[in-house]
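Novice: Structure incoming, see below.
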Amino acid sequence: MTLPRRAHPRPLDIANGRVDLTHGGGGRAMAQLVEELFIKAFDNEALNQRNDQAAFDVPAGRMVMTTDGYVISPLFFPGGDIGSLAVHGTVNDVAMAGAVPLSLSAGFIIEEGFPLADLARIVASMAKASKDAGVPVVTGDTKVVEKGKGDGIFITTAGIGMVPPGVAISGDRARAGDAILISGTMGDHGVAVMSQRESLGFETAILSDSAALHTMVAAMIAAVPGIHVLRDPTRGGLAATLNEIAAQSAVGMLIEEAAVPVRPEVLGACELLGLDPLYVANEGKLICICADSDAEALLAVMRAHPLGADAARIGSCRDDAHHFVQMRTGMGGMRVVDWLAGEQLPRIC
């Protein structure tokens, strides 16, 4: 008896095809999607083992791990997309501990009917961001949900990294008298995303600041290993992040409105929408809290890096039993920069 020859599957029709439930069903269609799209794009030794996990060596020392989910709407925005954002955001979360990012994982939850062309564009962008950062995606997962049970595509990630010896950066290490630095202009990402939302209908030339910050962090640590706190001000922006750190470290903060860099286009968009740029998300900026004596050296390092040209000192930490974040306004008055009462910009990352 002669068995029939197994038909070789046709290549994916990336230009015109759509994701269907078989692409998440564990069969041949799913294997083809993984092989022709994900493995081809991410292509690295660990991923190419095609196991359900990645095996790799890590240097001795203290390990950092983070996890995140990306549900941004719209999926494509000026300066980036959900794919590059997922890489940058995860790399940055690892880097904010002072760690050297080593590896990423990625999980894709895709809605039935999602265009393969859009999926390929997202995966290619994610792969480029990963390769540019030098941090490979070494393992992942794909699930497909019925049409109407998702919203295009969601991406979940995890990242690991190693902290260099002698580095101890944490949100609870800010002290009264410390300087508060930021690496650049606030609110670019949030305004870029909001400009693409159909219900708002305004135009701006602002691009998202989405970027991987680990090389700048490495240069900062090389100059000043004793940095106290690093944090990227994403959801809730500068205001929410400073409040988080103030609560963790049990300090107050005073910042100067005139010292906080904000692009005129961002200010204009915020005025139009009734938003405060201090609360608008960033995806390629960091907050650094350090000893006052180290501030100028760190500012010089940040400004020498392409992602830190607009770095500025915006204030200081101080003793305050209430752990308030306050701001001296351009008019000379004082205001409390409080936590957000609700969600100002949903689906921003």
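Novice: Here are 224, 217: which of them is β-branched (Val, Ile, Thr) and surrounded by fewer than 23 Cβ atoms within 10 Å (Cβ to Cβ)?
Specialist: 224
Novice: Here is a further query. Would you call residue 41 under 14 Å from residue 122 (Cα atoms) and assigned by TED's automatic domain parsing to the domain that holds residue 151?
Specialist: Judged against the criteria, residue 41 is a match.
Novice: Follow-up question, since we're still on this one. Return yes or no: is residue 242 part of a helix (DSSP H, G or I), over 27 Å from residue 70 (Cβ atoms) and in contact with a strand residue (DSSP E or B) (Cβ under 7 Å, 6 or more places away or on another chain)?
Specialist: no
Novice: Let me ask something additional. Can you find a residue that is part of a loop (DSSP other than H, G, I, E, B), under 21 Å from residue 146 (Cβ atoms) and at pLDDT below 95 anywhere in region 39-48?
Specialist: Checked region 39-48: no residue is part of a loop (DSSP other than H, G, I, E, B), under 21 Å from residue 146 (Cβ atoms) and at pLDDT below 95.
Novice: Sticking with this structure for a sec: Give the residues of region 44-88 that are more than 23 Å from the chain's Cα centre (by Cα), small (Gly, Ala, Ser) and at positive phi, sorted by residue number.
Specialist: Across region 44-88, the qualifying residue is only 61.
Novice: For region 291-308, does any single residue satisfy the condition of being at positive phi, in the same structural domain as residue 186 (by TED's automatic domain parsing) and surrounded by fewer than 23 Cβ atoms within 10 Å (Cβ to Cβ)?
Specialist: No; the residues of region 291-308 include none that is at positive phi, in the same structural domain as residue 186 (by TED's automatic domain parsing) and surrounded by fewer than 23 Cβ atoms within 10 Å (Cβ to Cβ).
Novice: Spot the failing condition for residue 216; the list is (1) touching a residue at least 40 places away in the same chain (Cβ under 8 Å); (2) farther than 24 Å from residue 84 by Cα; (3) not β-branched (Val, Ile, Thr); (4) not in a strand (DSSP E or B), and only one is missed.
Specialist: It is condition (2) that residue 216 fails.
Novice: Got a sec? Which of 170, 195 is at pLDDT below 95 and either open to solvent by 10 Å² or more (accessible area, probe 1.4 Å) or on the phi > 0 side of the Ramachandran plot (or both)?
Specialist: None of the other options fit; the residue is 195.
Novice: So, one more: Give me the pairs: first residue in region 283-310 and assigned to a helix (DSSP H, G or I), second residue among the basic types (Lys, Arg) and open to solvent by 30 Å² or more (accessible area, probe 1.4 Å), beta-carbon distance under 7 Å, and six or more apart or on different chains, which are they?
Specialist: Short answer, once both residue conditions are applied: 295/313; 299/313.
Novice: Only one residue in 87, 135, 123 is under 16 Å from residue 41 (Cα atoms) and in a loop (DSSP other than H, G, I, E, B). Which one?
Specialist: 135
Novice: Picking from 135, 144, which residue would you name as being assigned by TED's automatic domain parsing to the domain that holds residue 67, β-branched (Val, Ile, Thr) and touching a His at 6+ places or on another chain (Cβ under 6 Å)?
Specialist: Checking each option against the conditions leaves just 144.
Novice: Let me ask another. Could you tell me which of the residues 348, 289, 314 is at pLDDT below 95 and among the β-branched types (Val, Ile, Thr)?
Specialist: Answer to the check: 348.
The values are calculated or read from the model by the stated rules, or taken from the named source; none is laboratory data. Since we're looking at a predicted model, the values are computed, not measured. Neighbour counts are summed over all protein chains in view; Cβ atoms, including those assigned to glycine, are modelled from backbone coordinates with ideal geometry. Keep in mind that these areas ignore ligands, DNA and RNA; they rest on the heavy atoms of the full protein, side chains included. Shrake-Rupley method; radii C 1.70, N 1.55, O 1.52, S 1.80 Å.
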